[in-house]
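Heads up, the thing below is written out as C-alpha cells.
The values are calculated or read from the model by the stated rules, or taken from the named source; none is laboratory data. This one's a predicted model, so the numbers in the text were calculated from it and none came from an experiment. Using ideal geometry, Cβ is built from the backbone for each residue, glycine included, and neighbour counts are taken over all protein chains shown. Ligands, DNA and RNA are stripped out before the accessible areas are found, and what is left, the full protein with its side chains, is counted by its heavy atoms. Shrake-Rupley method; radii C 1.70, N 1.55, O 1.52, S 1.80 Å.
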Amino acid sequence: MNNFIITISITIAGCIVLQLMEVIILGKITAHDLAKKQKEISVAEFFERNKHILGFGNQTRALITSVKEGVDNGLDTCEEASILPDIYVEIKNHEDGECKVIVEDNGPGIVKKQIPHIFGRLLYGSRFHAIRQSRGQQGIGISAVVLYGQLTTGKHAKIISKVDEDRPAAVIDLVIDTNKNRAEVINRDTVHWDKPCGTRVEISIMADYKRGKRFVYDYLQSTSIVNPHAQITYKETDGTEHIFERTSETLPKKSIEIKPHPYGVELGTLIKIAKHTKSRKLSSFLKTEFSSMGDRTTKSAIEKANLDKNLNPKEMDREQFLALHKAFKKVKIMSPSTDCLSPIGETLIKRSLKHETQEISPEFIITASRPASVYSGNPFQVEVGLVYGGNLPKEETVKILRFANRVPLLYQQGGCVTTQAISSIDWRRYGLNQPSGKGVPSGPAIFLTHVSSTLIPFTSESKEAIADVTEIENEIKLAFRECARKVQYHIHKVLKRAKTREKFDLITKILPEIAKKSANMLNKPVPSLNPIITKIMDVVWIEDLIEYEKIKREPVQTTLVGDSRKEDRGGTITKSRIMVVNYKQTPQKLNLYAIIPEDAVVGSISPKPSKVTNNYIRWNLESIPPANKIDINFELAGLEKGDFDENDLYIENINPTYVIGADKWEGD
Amino acid sequence: MNKDYSHVITKIDAIAAKIYDDFQKTEIPFVNLPTRTKSNIKFDENLNVWKYGKNITERNAKSLDGAYMLLRTMYLADFIKEMIKINKSSTLREMYYISEGWDLAKFHSQQESNLLAEDLEVITSCMREDFKLRPEEDGARVIGNVTIEETTRNNKKKKIHCQDDVGDSGYSIPYNVEPEKLTFKSIDADFMIAIETGGMFDRLVENGFDTSNNAVLVHLKGQPARSTRRFIKRLNEEANIPVLVFTDCDPWSYRIFASIAYGAIKTAHISEYLATPPSQYLGVTPSDIENYDLPTDKLTKEDINALKNELTDPRFQDSFWKGEIKLQLKMGKKSEQQALAKYGLDYVTDTYLPEKLTEMGIIKK
C-alpha cells in the first residue's frame, strides 16, 4: 500500500511539472499564476490517466480484471461472513465491443448507505488498513471497474444488494464523480430477489470478449482450484454454462488481524500510528501498537534509539521517530505470529488439483507446504503442488499456476519470483527436460504455487507478479525440493511395488501351476508348497489397499466458525487395509508405522495400536510365525475420496532388508 | 516308417520328475543347462566343431522369468508327449499358437517359443525332430549333377536329378533330410558352392556355371535353415567334395559362413549334425573390395558393432578372419556379391569365381 501512495505522489508531482513547462513556454510567470493552475487532483482523475497500472491497459485485460475484482470481492465478503461462497459470473456481449459483466455472490449483502461508498469511491474499503491475509489489499478494486465502465461506455453501474431475508433487495444505479471521488446516485429502487442475501453487480465495459473469454475461463478455473470451498458458475455470452464445483464444505480458517511488526513498518506509518495511539508513553505505545514487542525488546529498542521510555509518542519529533525506526533494525525481535495466514492445506490442494485435472488423468499429484516464515516483518507461507503424467503434453513447457492469497496470477509469469525459484532448480534429475539445468522445465507436468501473506509484495499495482524477495524465493525453492523428493520417493515406490507384485504372482500363481503340471505328468499327488514359498520369498511381505465408503451426508452447515474440522462428519470414510505376511522361515516381529494426513480424523483401528499421533499410527507386532499373516485395518474420516490414496508405511525393530512394502522408520 | 519315441518320453518325464522331486525335498525347483552365449562355446577337438562349454545356467523358480520358463517347459513337455501319443507333428509356429491355450504359460512371441524348444533339445539331448516339431520355413534350392531319392508323402520313393528333373529354381530341400527321407543316389561334381542371395544363385544358373564347372550350387536363403546345413554336411561327407561359401561382404554374411563351417551359437548343442568343418569362405572378402575395386556402402553403426563383436567371437580367432575384419573396420565399407555386376553379367562366372577358385586350389589352370 505504501508503494501505491508513493506512486500517486510522484505522478501528481509529474503533472505539476508538466503544467510548469506549459507555463514556461507561454512566457514569464508568477507564483500567483501558478496558484491558479494548481488544484487537487482527485484519485479518480488520477485513475483516468493511469488505468494501465491497475490492469485496464487493453480491452482483453480490462475484461479479466473486471471479472477478477468482482469475484475477489465476492469471495472475501462471503468468507468474512463465514458463508460458503456461491459465485455467479455472467458476461453479456453487446455490439461494438461492449460487454456487460455481471458478478453475483451469496454474501451478507451491503447496507444501502454503504453501497455508494464501496462502488463509487476509489481507495475506500475496510481491508485497506488491516494487516491480515485477504484478496483485495488496495481498496481500489471494484470501484475501478465502475469507473472504467463509465469512462469507456458512459453507462452507469447497477448494484443490487440484499441484507435481510425478509426485506426486498436495494437497487442502486450510480456513476463516479471523478472530480470529487464520490458516487453520484442516478436511481434508487427496491426489487424482489429470491436469494436470502447477497450482492449483484452489473457493469458495462468496453472489452475484447473474443480474446478475453478464454482467460476468464482460466481465471475462474484457477480460482476454483485454490478456493475449493467456493462454487463458481460462469455463463458465457452464448448461454454456455461452466460450473466449477465446490470440493470442500469447510471454510478456510479465518485469518486474524495482527498489528504491524516493527521490522516491516515504514517511518511514515510509524509516525501515523503514533498520532492516533491512545498510549501516553513510548514503552506502552510500542507494546500495544506493534506485534512481537515484549518488555525486553521494547526496553532494548528504546535504549538503542537513545530515547526516554516515558516520552509521549504524540509529542515526538521526526528525528526521534527516525532514531526509533533505526533502532528497530538493531534489536532482535521475534517473528510476528502467523495466525493471520490462512493457507489452503495440502489435502485440499491435492483434492482441487485432482478434481480439475480429471480429464488429464495424471499419474500422480504431489503437494508440499512450508511452515510460515517472515520477510521484513510480514508473515508469509508457501504451498506448492505438482501434477505429473497422464495426457499432459510431453514436449511443452511446464504450466505454472501461480496464486497469491487464493487469487490466480495470470500475467507477467516471467517477472514473478515463483518462476525464478522454479527456474533455479535442476529438474533434470526428476525426469523433466531442462536444457543446461536452468529455466522453466518442459515435460508432462503442472506446477502450482500459492503464497499467502498479510502483504504480498507485488511488482505492480495490477497484482500480477510477486516481487523478487529472497525469503520468498527460498521458501518456494524449499517447497519444490520437498515436492521433488516426494516425487522420487513415489516413483521408487511404484517400481518396487511392481517388482514385489511379480514375486507375489510367482508364488501365488506360477509356482502352484508348476507343481500341478509336474504332478499331473507323473500321475502323482500335488506336493505341498508352503516350505518352498518361504524359501523363495524369504521376506516379510507388506501389502495394502485403500477403499472408500460413502456414508450418508449430514445436513451441510454453511457457516462454520473456528476449528470446524471435527464438525465435518459427512462424506467419505477412507478405509485402509494392510496385510503383513511373514514369508521368512523363522518367526518375525516388528513395529509398523502408517502415516496419516494431519487433517484426517482417525476412526476405528484394529488390532490395537501402540501409539496414535496427528501424523502416524504405530503397531508393535509380536512374533508372526512363518507363512502366517496379520491383517491391519484403520479408518479415516474428514477426507474426500482420493485424498488419501496411498499408504506410507515404515518399519522398525527388524532388518529393513527383510521387508518388502515398507521402508525403514527414520524417527518422528 | 514309424520311429521309436520311447527314449524321448523317458527323457521328458525325467524333467517333470526332477521338478517334482525338488518340491518334495522342499528345494526351490530348478533345471540346469549350458549357457547359450558366445562366451560359452568351445572348440571340440574330436568333433572338429564348436560346441557349448562348461558354463551352466540355472533356471530356477526364484525369479519370475525362471518360474515362467519352468512352467512353460512343463507345458511344452506335456504337449510333446501328447503329439507322440496321437502321432502328429506341428510347426514351431503352430506350437506358438497352441500355447494360447496354456493360460499363464502362454508365449508372448514366437522367438520365446523357438528358444524354449531349443532349450529343451539342450536339456534332453534330443533333436527337434524327436519332439515332432518342425520349422515352417522350407530348405533352400539346389542345382547340380546330383540324383536324389526322396520318400514322398504317399510313401513312395522318387528319384530326382537336380539338373534334368527340375526347373530353373532347382530342387527344393525338404525340412527332413535324414536318410529315412532322403538319400543320394549319385553325385558327380568337383565342388559345391553355397550362395547367400537368390540373385547370385540365379546368375550362376543362367550362366550355366553348374555344368561348365561341374559344380553343385546351393542357395542358402540368408541364414541357412537346419535342413540346408544338414544337407550340405551330408553331401560333403558322402561325396567328399569341397564346400565353398559365397556371400556378401558384411558381418552378417560371416555369421552365415560360421554357422555352416563351425556351428551356430544357438544350435551349438547339435553342431556335429549341422556343421561342415571343411567349408571354406570364398568371398566376397574385404580384400576383394580393394582388389576388384567393387562398389561399396558405408558400414552402419550396427555393422561396426557386429564386426567388433566378431573380433571377440572365439570362432573368428584365426589370422584370416582377424585380418579381414580389421581391414573392413579400417575401410569402413561393405559390399554385396552382386556388386560384381559392375564389370558385366558374365564377370562373376568368367573371371571372379575362376580366379578365386584357382587361388584356393579348387580348380587348376
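Need the list of lysines near B:LYS51 for cross-linking: C-alpha distance under 25 angstrom, and skip anything on the same chain fewer than eight residues off.
B:LYS11, B:LYS38, B:LYS42, B:LYS132, B:LYS221, B:LYS233, B:LYS266, B:LYS308, B:LYS322
Which of B:MET200, B:MET95, B:MET331 moves the most in a Gaussian network model of chain B with Cα springs under 10 Å?
B:MET331
Before rounding to the nearest 500, sum -39500 (n - 2.57) across all DSSP H runs of length at least 4 in chain A and divide by the residue total; then give [θ] at 222 nm in deg cm²/dmol.
Helix contribution divided over all residues of chain A: -10000 deg cm²/dmol.
Show me B:299-311, A:527-539 ranked by packing, highest mean number of other Cβ atoms within 10 Å first.
Order by mean packing, descending: A:527-539, B:299-311.
Setting aside same-chain residues fewer than 8 positions from B:LYS106, which aspartates and glutamates have a Cα under 18 Å from its Cα?
Those aspartates and glutamates meeting the cut-off are A:GLU502, A:ASP505, A:GLU513, B:ASP65, B:ASP78, B:GLU82, B:GLU94, B:GLU118, B:ASP119.
Using a 10 Å cut-off on Cβ to Cβ distances, tally the other chain neighbours for every residue of B:249-256 and report the average as a whole number.
The shielding value for this peptide is 0.
Please give the total accessible area that chains B and A bury against each other, computed with a 1.4 Å probe and expressed in Å² to the nearest 100.
That pair hides around 2300 Å² of surface in total.
Over all residues in B:96-104, what is the mean tally of Cβ atoms on other chains that come within 10 Å of each residue's Cβ?
Per residue, the average neighbour count from other chains is 1.
From Cα pairs below 8 angstrom and at least 6 apart in sequence, can you work out the relative contact order of chain A, rounded to a whole percent?
Worked out over chain A, it gives 10 percent.
Quick one: accessible area per residue over segment A:262-330, 1.4 Å probe, rounded to a whole number of Å²?
Numbers: 4070 Å² over 69 residues.
Value for segment A:262-330: 59 Å² per residue.
Counting only heavy atoms of protein chains, what accessible area per residue, in Å², does segment A:621-668 have with a probe of 1.4 Å?
Details: 2400 Å² over 48 residues.
Value for segment A:621-668: 50 Å² per residue.
Run the accessible area of chain A with a 1.4 Å probe and give the carbon-and-sulfur part as a rounded percent.
Numbers: 15750 of 31700 Å².
Whole-percent figure for carbon plus sulfur exposure: 50.
Using a cut-off of 18 Å between alpha-carbon atoms, which lysines can reach A:LYS332, once sequence neighbours fewer than 8 places away in the same chain are excluded?
Within the straight-line cut-off, A:LYS332 pairs with A:LYS259, A:LYS287, A:LYS299, A:LYS304.
Quick one: compute the contact order of chain B, relative version, from alpha carbon pairs under 8 angstrom and 6+ residues apart, as a percent.
Result for chain B is 14 percent.
Give the relative contact order (percent, whole number) for segment A:133-280; include only Cα pairs under 8 Å separated by 6+ residues. Walk me through the numbers before you get to the answer.
On the way: 175 pairs, mean separation 24.1, N = 148.
Relative contact order here is 16 percent.
Starting with the highest mean, order A:650-656, A:87-93 by the number of other Cβ atoms within 10 Å, averaged over the residues of each peptide.
Sorting A:650-656, A:87-93 by mean packing, highest first, produces A:87-93, A:650-656.
For B:ASP190 and B:THR91 in the same chain, what is the full-extension length gain: residue separation times 0.36 nm, less their Cα-Cα distance, in nm?
Full extension from B:ASP190 to B:THR91 adds 32.0 nm.
Given A:LEU348, A:ILE186, A:PHE634, which one lies farthest toward the positive end of the charge dipole of the protein assembly as shown, if we put +1 on the Cβ of every Lys and Arg and -1 on the Cβ of every Asp and Glu?
Of the listed residues, the answer is A:ILE186.
Longer than 24 Å from Cα to Cα, which of A:LYS496/A:LYS584; A:LYS180/A:LYS463; A:LYS92/A:LYS253; A:LYS399/A:LYS496 are they? Say none if no pair is.
In this structure, A:LYS180/A:LYS463; A:LYS92/A:LYS253; A:LYS399/A:LYS496 lie more than 24 Å apart at Cα.
Taking beta carbons within 10 Å but only from partner chains, what does the mean come to for residues B:17-30?
So the per-residue partner count for this stretch is 5.
Over what distance in Å are the Cα centres of segment A:574-631 and segment B:276-339 separated?
Their Cα centres are 65 Å away from one another.
Is it possible to state the helix-based mean residue ellipticity at 222 nm for chain B, with each DSSP H run of 4+ residues giving -39500 (n - 2.57), the sum divided by total residues, to the nearest 500 deg cm²/dmol? What is it? Provide the component values of the computation, followed by the final result.
Working: 13 runs with 143 residues, N = 365.
That calculation yields -12000 deg cm²/dmol at 222 nm.
When ranked by the protection proxy of mean other Cβ atoms within 10 Å per residue, highest first, what sequence do the peptides A:623-629, B:84-90, A:447-453 form?
Highest mean packing first, the order is A:447-453, A:623-629, B:84-90.
Accessible surface of A:ASP631 in the full protein assembly, 1.4 angstrom probe, to the nearest 10 Å²?
Rounded to the nearest 10, that gives 80 Å².
Just give the residues from segment B:38-85 buried by at least 30 square angstrom of accessible area in the all-chains context relative to the isolated chain, probe 1.4 Å, and say none if nothing qualifies.
So the qualifying set is B:ALA61, B:LYS62, B:LEU64, B:ALA67, B:LEU71, B:MET74, B:TYR75, B:ASP78.
Per residue, how large is the accessible surface of segment B:6-134? Use a 1.4 angstrom probe and give square angstrom. Spell out each step's value before the answer.
On the way: 5990 Å² over 129 residues.
Counting only protein heavy atoms, the per-residue value for segment B:6-134 is 46 Å².
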